[in-house]
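Participant: Quick one: the structure is below, and I'll ask about it shortly.
The values are calculated or read from the model by the stated rules, or taken from the named source; none is laboratory data. Note that the structure is a prediction, hence the values are computed from the model and not measured. We place every Cβ from the backbone using ideal geometry, glycine too, and count neighbours over all the protein chains shown.
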(Lines give C-alpha, C1' and ligand atoms only; values in the text may rest on other atoms or scores of the structure.)
Protein backbone atom coordinates (compact mmCIF):
# COMPACT_ATOMS: atom_id res chain seq x y z
CA UNK A 1 0.00 0.00 0.00
CA UNK A 2 1.23 3.51 -0.86
CA UNK A 3 0.47 6.76 0.94
CA UNK A 4 1.21 10.48 0.76
CA UNK A 5 4.90 11.39 0.81
CA UNK A 6 6.30 13.18 3.87
CA UNK A 7 9.78 14.26 2.76
CA UNK A 8 11.32 17.07 0.75
CA UNK A 9 11.34 15.79 -2.84
CA UNK A 10 13.29 18.78 -4.19
CA UNK A 11 16.14 18.20 -1.73
CA UNK A 12 16.12 14.49 -2.54
CA UNK A 13 16.31 15.28 -6.27
CA UNK A 14 19.36 17.46 -5.66
CA UNK A 15 20.98 14.64 -3.68
CA UNK A 16 20.29 12.13 -6.48
CA UNK A 17 21.84 14.42 -9.08
CA UNK A 18 24.98 14.75 -6.99
CA UNK A 19 25.43 11.22 -5.68
CA UNK A 20 23.59 8.63 -7.77
CA UNK A 21 22.70 8.60 -11.48
CA UNK A 22 21.93 11.74 -13.50
CA UNK A 23 18.30 12.15 -14.49
CA UNK A 24 15.96 14.76 -15.92
CA UNK A 25 13.43 16.67 -13.82
CA UNK A 26 12.32 15.90 -10.26
CA UNK A 27 12.16 12.56 -8.51
CA UNK A 28 8.74 10.98 -8.02
CA UNK A 29 8.34 9.60 -4.50
CA UNK A 30 5.70 7.32 -2.96
CA UNK A 31 5.74 6.08 0.62
CA UNK A 32 5.15 2.38 1.25
CA UNK A 33 2.80 1.47 4.08
CA UNK A 34 4.25 -1.45 5.97
CA UNK A 35 7.03 -2.25 8.39
CA UNK A 36 7.21 -0.94 11.93
CA UNK A 37 10.60 0.73 11.96
CA UNK A 38 12.19 2.74 9.15
CA UNK A 39 9.90 4.68 6.76
CA UNK A 40 10.34 3.29 3.25
CA UNK A 41 9.68 4.90 -0.15
CA UNK A 42 9.71 4.07 -3.84
CA UNK A 43 11.68 6.68 -5.77
CA UNK A 44 11.36 6.99 -9.54
CA UNK A 45 14.15 9.05 -11.07
CA UNK A 46 14.29 9.18 -14.84
CA UNK A 47 14.39 5.59 -16.05
CA UNK A 48 15.62 4.27 -12.68
CA UNK A 49 13.60 3.05 -9.72
CA UNK A 50 15.03 2.98 -6.23
CA UNK A 51 13.92 2.25 -2.69
CA UNK A 52 14.71 4.80 0.02
CA UNK A 53 14.90 3.86 3.70
CA UNK A 54 15.31 6.52 6.37
CA UNK A 55 15.22 6.91 10.13
CA UNK A 56 11.90 8.09 11.58
CA UNK A 57 11.51 11.64 12.81
CA UNK A 58 11.43 12.51 16.50
CA UNK A 59 13.03 11.05 19.61
CA UNK A 60 14.41 7.54 19.04
CA UNK A 61 15.77 4.78 21.24
CA UNK A 62 19.59 4.52 21.39
CA UNK A 63 21.10 2.41 18.58
CA UNK A 64 17.69 1.87 16.93
CA UNK A 65 16.83 2.45 13.24
CA UNK A 66 20.40 1.86 12.06
CA UNK A 67 20.07 2.59 8.35
CA UNK A 68 23.85 2.97 8.14
CA UNK A 69 24.27 -0.65 9.25
CA UNK A 70 21.71 -1.83 6.69
CA UNK A 71 23.65 -0.03 3.98
CA UNK A 72 27.00 -1.39 5.10
CA UNK A 73 26.01 -5.05 5.36
CA UNK A 74 24.24 -5.11 1.98
CA UNK A 75 27.24 -3.47 0.34
CA UNK A 76 29.56 -6.04 1.97
CA UNK A 77 27.38 -8.96 0.84
CA UNK A 78 27.06 -7.76 -2.75
CA UNK A 79 29.66 -10.24 -4.04
CA UNK A 80 28.53 -13.13 -1.84
CA UNK A 81 26.00 -15.89 -2.55
CA UNK A 82 23.44 -14.06 -0.37
CA UNK A 83 20.98 -12.17 -2.63
CA UNK A 84 20.79 -8.48 -1.66
CA UNK A 85 19.69 -5.35 -3.51
CA UNK A 86 22.45 -3.13 -4.91
CA UNK A 87 22.90 -0.15 -2.61
CA UNK A 88 23.62 3.22 -4.20
CA UNK A 89 24.19 5.94 -1.60
CA UNK A 90 24.08 6.62 2.12
CA UNK A 91 23.31 10.11 3.46
CA UNK A 92 23.91 10.90 7.12
CA UNK A 93 23.46 14.66 6.73
CA UNK A 94 20.13 15.64 8.41
CA UNK A 95 20.04 18.83 6.35
CA UNK A 96 18.91 16.81 3.31
CA UNK A 97 15.81 14.97 4.56
CA UNK A 98 15.90 15.57 8.31
CA UNK A 99 17.24 12.10 9.17
CA UNK A 100 19.80 9.64 7.79
CA UNK A 101 18.74 7.59 4.75
CA UNK A 102 20.06 5.36 2.00
CA UNK A 103 19.00 4.34 -1.50
CA UNK A 104 19.08 0.91 -3.07
CA UNK A 105 17.88 -0.51 -6.36
CA UNK A 106 14.25 -1.59 -6.60
CA UNK A 107 14.07 -5.38 -7.05
CA UNK A 108 11.20 -6.86 -9.04
CA UNK A 109 9.53 -9.86 -7.48
CA UNK A 110 7.00 -11.09 -4.92
CA UNK A 111 6.80 -10.26 -1.23
CA UNK A 112 4.65 -12.85 0.53
CA UNK A 113 3.12 -12.29 3.96
CA UNK A 114 0.98 -15.36 4.58
CA UNK A 115 3.19 -18.20 5.80
CA UNK A 116 0.64 -20.79 4.62
CA UNK A 117 1.14 -19.59 1.03
CA UNK A 118 -2.46 -19.74 -0.23
CA UNK A 119 -2.81 -20.39 -3.94
CA UNK A 120 0.53 -22.22 -4.17
CA UNK A 121 0.88 -25.92 -4.97
CA UNK A 122 2.40 -28.36 -2.49
CA UNK A 123 5.62 -28.41 -4.53
CA UNK A 124 5.76 -24.61 -4.67
CA UNK A 125 5.29 -24.33 -0.89
CA UNK A 126 8.03 -26.86 -0.31
CA UNK A 127 10.31 -24.96 -2.70
CA UNK A 128 9.69 -21.64 -0.95
CA UNK A 129 10.56 -23.07 2.46
CA UNK A 130 13.61 -24.82 1.03
CA UNK A 131 14.74 -21.46 -0.38
CA UNK A 132 14.20 -19.67 2.93
CA UNK A 133 16.19 -22.33 4.73
CA UNK A 134 18.98 -22.37 2.16
CA UNK A 135 19.50 -18.60 2.05
CA UNK A 136 19.73 -18.24 5.82
CA UNK A 137 22.23 -21.12 6.02
CA UNK A 138 24.18 -19.45 3.21
CA UNK A 139 24.28 -16.16 5.13
CA UNK A 140 25.54 -17.92 8.25
CA UNK A 141 28.33 -19.53 6.19
CA UNK A 142 29.69 -16.19 4.90
CA UNK A 143 33.17 -15.35 6.14
CA UNK A 144 32.51 -12.01 7.82
CA UNK A 145 36.21 -11.15 7.96
CA UNK A 146 36.75 -11.80 4.26
CA UNK A 147 33.89 -9.45 3.29
CA UNK A 148 35.09 -6.62 5.54
CA UNK A 149 32.65 -7.07 8.43
CA UNK A 150 35.17 -8.16 11.06
CA UNK A 151 34.16 -5.13 13.19
CA UNK A 152 30.41 -5.37 12.51
CA UNK A 153 29.83 -6.76 15.99
CA UNK A 154 31.64 -8.49 18.81
CA UNK A 155 32.77 -12.11 18.76
CA UNK A 156 31.01 -14.41 21.23
CA UNK A 157 28.51 -13.88 24.06
CA UNK A 158 25.86 -12.78 21.55
CA UNK A 159 22.77 -13.99 23.39
CA UNK A 160 24.06 -12.70 26.72
CA UNK A 161 24.63 -9.25 25.21
CA UNK A 162 21.30 -9.34 23.40
CA UNK A 163 19.39 -10.14 26.59
CA UNK A 164 21.09 -7.14 28.20
CA UNK A 165 20.48 -4.88 25.19
CA UNK A 166 16.82 -5.73 24.75
CA UNK A 167 16.21 -5.49 28.48
CA UNK A 168 17.53 -1.93 28.31
CA UNK A 169 15.51 -1.18 25.17
CA UNK A 170 12.41 -2.60 26.81
CA UNK A 171 12.98 -0.53 29.96
CA UNK A 172 13.45 2.60 27.85
CA UNK A 173 10.08 2.09 26.14
CA UNK A 174 8.13 0.40 28.95
CA UNK A 175 4.56 1.62 29.39
CA UNK A 176 3.29 -0.78 32.05
CA UNK A 177 4.48 -3.80 34.01
CA UNK A 178 4.30 -7.20 32.27
CA UNK A 179 5.05 -10.05 34.73
CA UNK A 180 6.08 -12.50 31.99
CA UNK A 181 8.71 -10.04 30.70
CA UNK A 182 10.11 -9.71 34.21
CA UNK A 183 10.28 -13.51 34.49
CA UNK A 184 12.01 -13.83 31.12
CA UNK A 185 14.59 -11.15 31.91
CA UNK A 186 15.75 -13.17 34.93
CA UNK A 187 15.37 -16.67 33.43
CA UNK A 188 17.18 -15.92 30.16
CA UNK A 189 20.14 -14.23 31.85
CA UNK A 190 20.68 -17.26 34.09
CA UNK A 191 20.64 -19.92 31.35
CA UNK A 192 22.55 -18.56 28.35
CA UNK A 193 23.82 -21.50 26.21
CA UNK A 194 27.45 -21.56 25.12
CA UNK A 195 27.86 -20.03 21.66
CA UNK A 196 29.51 -22.47 19.25
CA UNK A 197 30.45 -20.05 16.47
CA UNK A 198 30.03 -16.47 15.26
CA UNK A 199 28.46 -15.47 11.94
CA UNK A 200 26.65 -12.58 10.31
CA UNK A 201 23.08 -12.68 11.62
CA UNK A 202 20.18 -10.94 9.91
CA UNK A 203 18.15 -10.35 13.07
CA UNK A 204 14.73 -10.21 11.39
CA UNK A 205 14.72 -12.99 8.81
CA UNK A 206 11.18 -13.96 7.88
CA UNK A 207 8.98 -14.62 4.85
CA UNK A 208 7.95 -11.00 4.25
CA UNK A 209 11.51 -9.68 4.51
CA UNK A 210 12.62 -11.41 1.32
CA UNK A 211 11.69 -10.92 -2.31
CA UNK A 212 10.92 -14.03 -4.32
CA UNK A 213 11.39 -14.39 -8.06
CA UNK A 214 8.20 -13.33 -9.91
CA UNK A 215 7.39 -16.89 -10.99
CA UNK A 216 9.90 -19.22 -9.30
CA UNK A 217 10.53 -20.28 -5.70
CA UNK A 218 14.01 -18.73 -5.56
CA UNK A 219 14.83 -15.67 -3.43
CA UNK A 220 16.17 -12.68 -5.36
CA UNK A 221 16.74 -10.27 -2.44
CA UNK A 222 16.86 -10.26 1.35
CA UNK A 223 15.61 -6.99 2.87
CA UNK A 224 15.46 -5.15 6.23
CA UNK A 225 18.97 -5.60 7.63
CA UNK A 226 18.54 -3.04 10.42
CA UNK A 227 19.12 -5.58 13.21
CA UNK A 228 22.02 -7.37 11.53
CA UNK A 229 25.28 -7.86 13.41
CA UNK A 230 27.77 -10.60 14.28
CA UNK A 231 26.15 -13.19 16.50
CA UNK A 232 24.96 -16.71 17.19
CA UNK A 233 23.50 -18.24 14.02
CA UNK A 234 21.24 -20.56 16.03
CA UNK A 235 19.58 -17.57 17.69
CA UNK A 236 19.05 -16.04 14.24
CA UNK A 237 17.56 -19.25 12.87
CA UNK A 238 15.28 -19.68 15.91
CA UNK A 239 13.88 -16.18 15.36
CA UNK A 240 12.96 -17.23 11.83
CA UNK A 241 11.25 -20.35 13.23
CA UNK A 242 8.90 -18.49 15.57
CA UNK A 243 6.28 -18.65 12.82
CA UNK A 244 5.66 -22.29 13.85
CA UNK A 245 4.64 -21.02 17.32
CA UNK A 246 3.33 -17.44 17.36
CA UNK A 247 0.23 -15.74 16.06
CA UNK A 248 1.73 -12.47 14.84
CA UNK A 249 -1.49 -10.55 14.24
CA UNK A 250 -0.88 -8.81 10.91
CA UNK A 251 0.53 -11.89 9.16
CA UNK A 252 -0.82 -15.42 8.85
CA UNK A 253 1.63 -17.75 10.58
CA UNK A 254 2.05 -21.51 10.72
CA UNK A 255 0.77 -21.74 14.30
CA UNK A 256 -2.16 -24.16 14.26
CA UNK A 257 -1.93 -24.85 10.51
CA UNK A 258 -2.21 -28.37 9.06
CA UNK A 259 1.31 -28.45 7.66
CA UNK A 260 1.10 -31.94 6.16
CA UNK A 261 -1.87 -30.97 3.99
CA UNK A 262 -0.05 -27.79 2.90
CA UNK A 263 3.22 -29.49 1.99
CA UNK A 264 5.13 -27.27 4.46
CA UNK A 265 7.82 -28.90 6.64
CA UNK A 266 7.10 -29.52 10.30
CA UNK A 267 9.38 -27.48 12.57
CA UNK A 268 11.62 -30.42 13.55
CA UNK A 269 12.13 -31.32 9.88
CA UNK A 270 12.86 -27.69 9.02
CA UNK A 271 15.45 -27.50 11.82
CA UNK A 272 17.05 -30.71 10.51
CA UNK A 273 17.20 -29.19 7.00
CA UNK A 274 19.09 -26.19 8.36
CA UNK A 275 21.40 -28.38 10.46
CA UNK A 276 22.40 -30.43 7.41
CA UNK A 277 23.32 -27.25 5.56
CA UNK A 278 25.07 -25.66 8.54
CA UNK A 279 26.94 -28.77 9.69
CA UNK A 280 25.11 -28.87 13.05
CA UNK A 281 23.87 -31.83 15.09
CA UNK A 282 20.03 -31.67 14.99
CA UNK A 283 19.60 -33.39 18.34
CA UNK A 284 22.02 -31.03 20.08
CA UNK A 285 20.22 -28.07 18.55
CA UNK A 286 16.79 -29.35 19.58
CA UNK A 287 18.01 -29.79 23.15
CA UNK A 288 18.59 -26.02 23.33
CA UNK A 289 15.62 -25.10 21.14
CA UNK A 290 13.19 -23.97 23.92
CA UNK A 291 15.77 -21.49 25.21
CA UNK A 292 16.44 -20.00 21.77
CA UNK A 293 12.71 -19.68 21.06
CA UNK A 294 11.97 -18.11 24.46
CA UNK A 295 14.86 -15.68 23.92
CA UNK A 296 13.48 -14.63 20.54
CA UNK A 297 9.95 -14.20 21.87
CA UNK A 298 11.36 -11.97 24.60
CA UNK A 299 13.33 -10.02 22.00
CA UNK A 300 10.26 -9.66 19.76
CA UNK A 301 8.18 -8.43 22.69
CA UNK A 302 10.84 -5.80 23.42
CA UNK A 303 10.78 -4.71 19.76
CA UNK A 304 6.99 -4.53 19.84
CA UNK A 305 7.18 -2.46 23.01
CA UNK A 306 9.38 0.01 21.16
CA UNK A 307 6.65 0.30 18.51
CA UNK A 308 4.13 0.91 21.30
CA UNK A 309 6.24 3.72 22.71
CA UNK A 310 6.66 5.32 19.29
CA UNK A 311 2.89 5.15 18.81
CA UNK A 312 2.44 7.07 22.06
CA UNK A 313 5.10 9.55 20.99
CA UNK A 314 3.43 10.00 17.61
CA UNK A 315 6.34 8.92 15.39
CA UNK A 316 5.58 5.26 14.62
CA UNK A 317 6.48 4.18 11.08
CA UNK A 318 3.21 2.31 10.57
CA UNK A 319 -0.34 3.49 11.17
CA UNK A 320 -1.13 0.06 12.68
CA UNK A 321 1.41 0.52 15.48
CA UNK A 322 -1.33 0.60 18.13
CA UNK A 323 -2.36 -2.93 17.18
CA UNK A 324 1.25 -4.08 17.48
CA UNK A 325 1.44 -2.57 20.95
CA UNK A 326 -1.47 -4.73 22.06
CA UNK A 327 0.49 -7.86 21.09
CA UNK A 328 3.39 -7.22 23.47
CA UNK A 329 1.70 -9.03 26.36
CA UNK A 330 0.74 -12.04 24.20
CA UNK A 331 4.30 -12.38 22.87
CA UNK A 332 5.77 -12.15 26.37
CA UNK A 333 3.32 -14.75 27.64
CA UNK A 334 4.25 -17.11 24.80
CA UNK A 335 7.93 -16.62 25.60
CA UNK A 336 7.46 -17.44 29.27
CA UNK A 337 5.34 -20.49 28.38
CA UNK A 338 8.17 -21.69 26.11
CA UNK A 339 10.70 -21.14 28.90
CA UNK A 340 8.59 -23.20 31.27
CA UNK A 341 8.70 -26.16 28.85
CA UNK A 342 12.47 -26.23 29.39
CA UNK A 343 11.87 -26.50 33.13
CA UNK A 344 9.36 -29.36 32.95
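Participant: Go through (1) at pLDDT below 90; (2) surrounded by fewer than 14 Cβ atoms within 10 Å (Cβ to Cβ) one by one and return the number of the condition residue 18 breaks.
Facilitator: For residue 18, the failing item is (1).
Participant: Suppose the filter is closer than 15 Å to residue 139 by Cβ, out of contact with any strand residue (DSSP E or B) (no Cβ under 9 Å at 6 or more places or on another chain) and touching a residue at least 12 places away in the same chain (Cβ under 8 Å); does residue 206 pass it?
Facilitator: Yes, satisfied.
Participant: Determine, yes or no, whether residue 254 is out of contact with any strand residue (DSSP E or B) (no Cβ under 8 Å at 6 or more places or on another chain) and over 25 Å from residue 339 (Cα atoms).
Facilitator: No.
Participant: Moving on to the next point. Do the conditions hold for residue 168, that is, is it loosely packed, with under 15 Cβ neighbours inside 10 Å and either on the phi < 0 side of the Ramachandran plot or in a helix (DSSP H, G or I) (or both)?
Facilitator: So residue 168 fits the description; yes.
Participant: Does segment 216-223 contain any residue that is within 18 Å of residue 114 (Cβ to Cβ), part of a loop (DSSP other than H, G, I, E, B) and modelled with pLDDT of 95 or more?
Facilitator: Yes.
Participant: Quick check: is even one residue across segment 210-224 without any contact (Cβ under 8 Å) to a residue 60 or more places away in the chain, surrounded by 15 or more Cβ atoms within 10 Å (Cβ to Cβ) and out of contact with any strand residue (DSSP E or B) (no Cβ under 6 Å at 6 or more places or on another chain)?
Facilitator: No, the conditions are met nowhere in segment 210-224.
Participant: Somewhere in segment 138-146, is a residue under 22 Å from residue 270 (Cα atoms), more than 21 Å from the chain's Cα centre (by Cα), not in a helix (DSSP H, G or I) and not assigned by TED's automatic domain parsing to the domain that holds residue 76?
Facilitator: No, segment 138-146 has no match at all.
Participant: Can you pull out every residue in segment 21-36 that is at pLDDT 70 or above and outside any strand (DSSP E or B)? Step through it out loud before you land on a result.
Facilitator: To start, the set of residues in segment 21-36 that are at pLDDT 70 or above comprises 21-33.
Once the filter is applied, which keeps residues that are at pLDDT 70 or above and outside any strand (DSSP E or B), segment 21-36 yields 21, 22, 23, 24, 25, 26, 27, 33.
Participant: Let me confirm something: among 109, 119, which residue is closer than 27 Å to residue 259 by Cβ and within 21 Å of the chain's Cα centre (by Cα)?
Facilitator: Details: 119 fails: within 21 Å of the chain's Cα centre (by Cα).
Going through 109, 119 in turn, the sole match is 109.
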